[in-house]
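What follows is calculated from the coordinates using simple rules that are stated; it is not laboratory data. Note that the structure is a prediction, hence the values are computed from the model and not measured. No Cβ is skipped: glycine too gets one built from the backbone with ideal geometry, and neighbour counts run over all protein chains shown.
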Ligand SMILES: [Zn+2]
């Protein structure tokens, strides 16, 4: 494609994006990204020449780890990133269009990448570092099974020996993939959901887990970590860094350990990276505290069983819990996974079951002996809570739906016009 | 009345990818609510699978672990011995496939199954069967109405002599071979492609399964629980059949 044509494609995509955003019908990356790739198929490789890239992938914590990494590196680099979390080819293409080129040698891309897209996107960019977080069951109707993804990652890393990998050594499927890389920094970032990890990806046997690690009888075992986490301290090659994060939960200390691993590879000062990360208090609306009619609501997103285990760690003792489950395309259409979540944890709390699949959740909660009220409308459920502190936990579309409603856009035409009016006049 | 009922979740670490281990939880609770003492056992490769239990629940899983499970269960044939002693067995998806005469391994080559069900599973060359599945058992299971679940598999399962289907498919693919049927039934062993888990979606099917071994059972008196089950049941069946 000629330069002029590429420029026209890019301008068109930018126009569509600002339209999408001003109408309040999306974050403005997916649709223009699709148009862009249609008009200019080599857009990703074309726009990323001499832009070194750090890619972050895995089933859970991609968006948060990317936000932490972006912040940690922004003192040393001019960072291009997919801030809205659009992590497939369309989102990456669009982020590259929005990129501002500055001084040579200071530009860096930090992208979260969908686990299925990692090999394709990783080959098109000038990928220097890949961070692999975890692999567990999620949207099984769309994403292929975890072992298949691990093999694809493995082949990709074998073909690209120049890439340095920062990998979670506590997850056997991640280790299986990362072993193919020529250089790996191992981070003990934890594993809180074992059901996808018991079966050895090398021999099919059963992996033994103990407090000190894991091992299979075939010899496949946990590599010893270069970076470890103990409460709020992250030790990088034995050097302790105190983390004082604004984000809640032990899982976010682990996410910051991955970010520090990336900083270590890039030779960025770890203390100032840690200070920068501590300023982040929300990520794309997640972890945010909002006030709703006298209730202080913590907004949490959880899409699958592994994510739920992390959420239990963030639910306050005196907090009511409003759980909303949808089963749209972006959620996965089969909520059977609710039976892999140890909801027994919520026993004794005030609990509301919400969302389109509130009854699937209700049946599950009954068998976990968690007393609860079914109220499909999550906002009504929050208002009905008897406590001041409320934890709202939604899966993908139910979380976005509440977030949109709180922003005054309820998805209807009237709401759309109202939010457009707010943008133009308000 | 029998003192203690033993329920076995069969190799959930291998065959537990699709939430089917919920079936064992539901069976145990529906027995406990009727006054039975229940011993729920999660059998893994190390503990082995006991052959003296009353109910066995097997779920779906990925190709590699599925083949490993088939090899393991063929060693001492605990399931065959338990069935001979009168146990009930529910097998879902990959679990159903390995209890047939043959299934497809991760290398795409056919493998021997346990031969409990008279069926053979081949690999479907078309698109994967993914979506809501509605199965009509007709009059075969007294008290059990039309059932719903969610299927997610690449198999086509051919029923052979001696094994009848669980029911006729009203939506979705099920066995996806010849006349549209789902699953297989032989004696007290039942196979199906319905996840959900199937007993969460269809509590009457669960109670029928329990009565195969225990005879007549009284209804459960936990109104909140049964109301939620009913709401879920009608919501699903209405939504799927209207689409
Ligand atoms: Zn092994």
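Things to note:
- Look at the alpha carbon pairs under 8 Å that are at least 6 residues apart: their mean separation over the length of the range B:5-242 gives a relative contact order of 18 percent.
- The label-point distance for residue A:202 and residue B:39, in a model that sets each label 7 Å from Cα toward Cβ, rounds to 3.7 nm.
- Normalising the average separation of contacting C-alpha pairs (under 8 angstrom, six or more residues apart) by the number of residues puts the relative contact order of chain A at 13 percent.
- Oblate is the label for the range B:152-227, because the ratio a/c of its alpha-carbon gyration tensor axes (a ≥ b ≥ c) is 1.5 or higher and a/b is not greater than b/c.
- Calculated [θ] (222 nm, deg cm²/dmol) that DSSP helices of n ≥ 4 give over chain B, each run adding -39,500 (n - 2.57): -9000 deg cm²/dmol
- Approximate shape of the range B:93-236 as ellipsoid semi-axes (Cα gyration tensor, √5λ), whole Å, largest first: 28, 17, 12
- The range A:289-420 - share of DSSP beta bridges that are antiparallel (%, nearest 5): 20 percent
- Expected 222 nm ellipticity per residue - DSSP helices of 4 or more, -39500 (n - 2.57), all of chain A, to 500: -11000 deg cm²/dmol
- Likely footprinting exposure, A:251, B:93, fewest C-beta neighbours within 10 Å first: A:251, B:93
- A Förster radius of 41 Å, combined with the Cβ-Cβ distance separating residue A:288 from residue A:38, puts the computed FRET efficiency at roughly 0.70.
- Contact order, relative form, for the range A:330-410: 29 percent (alpha carbon pairs under 8 Å, 6 or more residues apart, mean separation divided by residue count).
- At R0 = 25 Å, FRET efficiency that the Cβ-Cβ distance of residue A:250 and residue A:279 yields, to 0.05: 0.80
- Taking a ≥ b ≥ c as the square roots of the eigenvalues of the Cα gyration tensor, the range A:193-332 is classed as oblate, since a/c reaches at least 1.5 and a/b does not exceed b/c.
- Gyration tensor (alpha-carbon) shape descriptor, chain A, a/c threshold 1.5: oblate
- Counting neighbouring Cβ atoms within 10 Å and putting the fewest first, the residues B:84, B:222, A:114 line up as B:84, B:222, A:114.
- Per residue, the convex hull around the alpha carbon atoms of the range A:44-277 comes to 118 Å³.
- Where labels lie 7 Å past Cα in the beta-carbon direction, separation of residue B:227 and residue B:77 in nm: 5.0 nm
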